[in-house]
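Reading through the structure tokens given below for one structure.
The values are calculated or read from the model by the stated rules, or taken from the named source; none is laboratory data. Small disclaimer: the values here were computed from a predicted structure and weren't measured. No Cβ is skipped: glycine too gets one built from the backbone with ideal geometry, and neighbour counts run over all protein chains shown. Just so you know, the surface numbers come from the protein's heavy atoms only, side chains and all, with ligands and any DNA or RNA stripped out. Shrake-Rupley method; radii C 1.70, N 1.55, O 1.52, S 1.80 Å.
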Amino acid sequence: MWWRLCSLLAWFPLQEAFRTSHTETVTVEEGQTLTLKCVISQAETTSLQWLAPSGFTIFFSEHPALKNSKYQLLHYSSNQLAIRVLNVTQQDEGVYKCLHYGTSVRTKEVKVIVLATPVTPTLEVSVSMQNGEEHVILQCSTVRSKPPPRITWLLGDDMELQGETHHEYETDGKKCNSTSTLRVHTYGQNSTASCIIRHKGLQGRKLVAPFRFEDLVTDQETASAALETSSPSSQDPQQSTSTVAVMEDSSTSEIDKEEEEQTTQVSHLATEANHQFAGLTRKKSGILLLTLVSFLIFILFIIVQLFIMKLRKAHVIWKKENEISEHTLESYRSRSNNEETSSQEKNSQTSRSKSCMNYITQLYSEAKTKTKEKAQPSKLKGELTHIPESIV
């Protein structure tokens, strides 16, 4: 309990010693030079110190604390310390503090806001068909701005509208890329539309990207003239005197009333040119599709030819293998027949030899018997000479 009371009593003098005299805001564009001045009205001798938003000391009196060439000493005296920051970037944004060291410590804070001025906008024009109706889409874009710019559309010389605006921040979360879209349903040849960008960094100036619908009508008339050369029409064109009619995504009824007042009937020439332009677009799409289909058929034909060639090669290989197998079979058959014939001849000769030996054995037995019976030798010789022809 007592230590809490002592801490509170010590906090009030300390808070009084570190009082902040005042805070100011400085806005500077990216790439410019930032000047910071710290002036003391008292005549007493004090020490001055500038702190960066990161908390590091930039200058203590006339002595630099950071070895960075972008921080320079502009002026130093007993009651003033002025510095400057060269080539300001988004990293230099924040709160700078000037400390006065005297009988008490006083603080002056300077909040620095770094602006990123948007670049010159780009205007893109496209034509689309929805539910059989033609729409002209105007898209205005600008990049790397901080804070996001304000984008409006000026139709003619007196009507300014807001389109559908979209902001996309970069990875650092500071700068953003902005895009505004405007849809135009009907327009006249002499109508104009301008994209206007306003930003704090422009200091009252405006960035303008103009567009004349005459250029779009000229392109469509060129396309229709190309069609008329092949099939000339007998109808006489009429002059277009209509103005611009715009469909804007807005919830205010006043803008809707202004649009209804500005909307007029489109002339016969503009309508016919639009239809012819759409027909030419469809014709180009048809030609492109036909070319693509022809290319795919050609690729398929090549694949079929390669497949047929592969089949023919396989057939030739199979035919050769079949011929070789048939020739081998015939050789085997002829060899078997030869072996069979030779074996038959051998068997025949063997049988003949056996018959002859049997016959001789028989005669020898008979001769031996007759010898025993004391038969005459001449008779045995005669019998030997009469060998049957079958044995021979």
Residues (open to solvent by less than 60 Å² (accessible area, probe 1.4 Å), among the charged types (D, E, K, R) and assigned to a loop (DSSP other than H, G, I, E, B)) located in the range 133-170: 170
Elements of type strands (runs of 3 or more DSSP E) contained in the range 1-117, each with 1 or more residues being acidic (Asp, Glu) and at pLDDT 90 or above: 18-29, 105-115
Cβ-Cβ under 6 Å pairs, at least 6 apart or on other chains, the range 291-302 side surrounded by 10 or more Cβ atoms within 10 Å (Cβ to Cβ), far side modelled with pLDDT of 90 or more and among the aromatic types (Phe, Trp, Tyr): none
Subset of the range 190-210 that is crowded, with 20+ Cβ neighbours inside 10 Å and of a type outside the set (Gly, Ala, Ser) - its residue that is nearest to residue 129 (Cα to Cα): 195
Checking residue 187 against (1) aromatic (Phe, Trp, Tyr); (2) in contact with a helix residue (DSSP H, G or I) (Cβ under 7 Å, 6 or more places away or on another chain); (3) open to solvent by 60 Å² or more (accessible area, probe 1.4 Å), the condition it does not meet: (3)
